[in-house]
Amino acid sequence: RDGLEAAQDVVYELGIFKTNGEPLINATGSDIRVEGIYGKGTADNLDFDMGVSPRINIGRGAASGKFSVKTLEDTRYELPKSVVIDFKKIYAINDANINFESSMLSAIGTIVDQPAHMAITSLGDHGRMNNIVSGFFNVSLLRASDGSLLTNATGGDISISCSVNSQTTADEGKDFVFTNRHDLRIWGDGNRSAVNLNGIVLHNPENGGVKKLVVGIDSVKKPDNAPEILISPTGSTAGFSIVE
């Protein structure tokens, strides 16, 4: 069984069979113990508890035994990772003849990251005199379970589509313009957790007073095979005021 980060262990099960594939039960009168080591998987010690050595016990009267790999929680947003176990030794008494088909038996499990959220927050109000490129909003990748900031370590970029919300009273092209909404993405180089939506506040003498700009997240495009990214239910929109 595949594992889910911090929620579900990776489970391996080994059974005993005749050479023709027919299942057997352990009638040797004693337990059969199978031991192994961790092989060359892509998961590391931040993904699972490597301190527990792989060991499976097939008790008397049982046909199989299980071993669980405990998954851990980290702040990396990653593609699914593999945990390889190389079972190498079988301990059985009473002259039981039990072997692997080759020198060892390798089993591969997968750890999948828990879902993530995409949220948008305002970086503060802006005045009309601020006519240079500024950060309007911050779009962040968060862990869905607790809102912790995640780093995109998938190797692929996360693309975000945003639009002006109907609550907006400012006019795009007269009161403000965006400079990077067409290419808003969180790079997948393992160093990025967020991206700023940038823009310029324009001088518009025709419209005095305070104007409101509200932006919402429309959609998120994640890398192939990456964990699910949902739009945060509490951080789907954000706004700020444009003041004289």
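The values are calculated or read from the model by the stated rules, or taken from the named source; none is laboratory data. These numbers come from a predicted model, not from an experiment. Using ideal geometry, Cβ is built from the backbone for each residue, glycine included, and neighbour counts are taken over all protein chains shown. With ligands, DNA and RNA removed, areas are computed over all heavy atoms of the protein, side chains included. Shrake-Rupley method; radii C 1.70, N 1.55, O 1.52, S 1.80 Å.
Values for this structure:
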read-out: Near-label residues of the range 199-231 by backbone N, under 19 Å of a point 7 Å along Cα→Cβ of Glu244; value: 201-213
read-out: Rounded to 5, percent antiparallel among DSSP beta bridges of the chain; value: 85 percent
read-out: Sites Ala7 and Gln167, calculated FRET efficiency, Cβ-Cβ separation with R0 41 Å, nearest 0.05; value: 0.65
read-out: Paramagnetic reach from Leu149 in the range 196-234 [backbone N under 15 Å; point 7 Å along Cα→Cβ]; value: 196-197
read-out: Extended-chain gain in nm, criterion 0.36 nm per residue less alpha-carbon gap, Lys18 and Ser159; value: 45.5 nm
read-out: Ratio Rg/Rh, restricted to the range 41-158 and using Cα atoms, in which Rh is the Kirkwood radius; value: 1.27
read-out: Distance between the range 120-137 and the range 161-193 - C-alpha centres, whole angstrom; value: 11 Å
read-out: Accessible area in the full protein assembly, largest first, 1.4 Å probe, for His182, His126; value: His182, His126
read-out: Built amide H within the under 5 Å cut-off of Ile25, gap 5+; value: none
read-out: Euclidean distance of C-alpha centroids, the range 59-89 and the range 213-239, integer Å; value: 32 Å
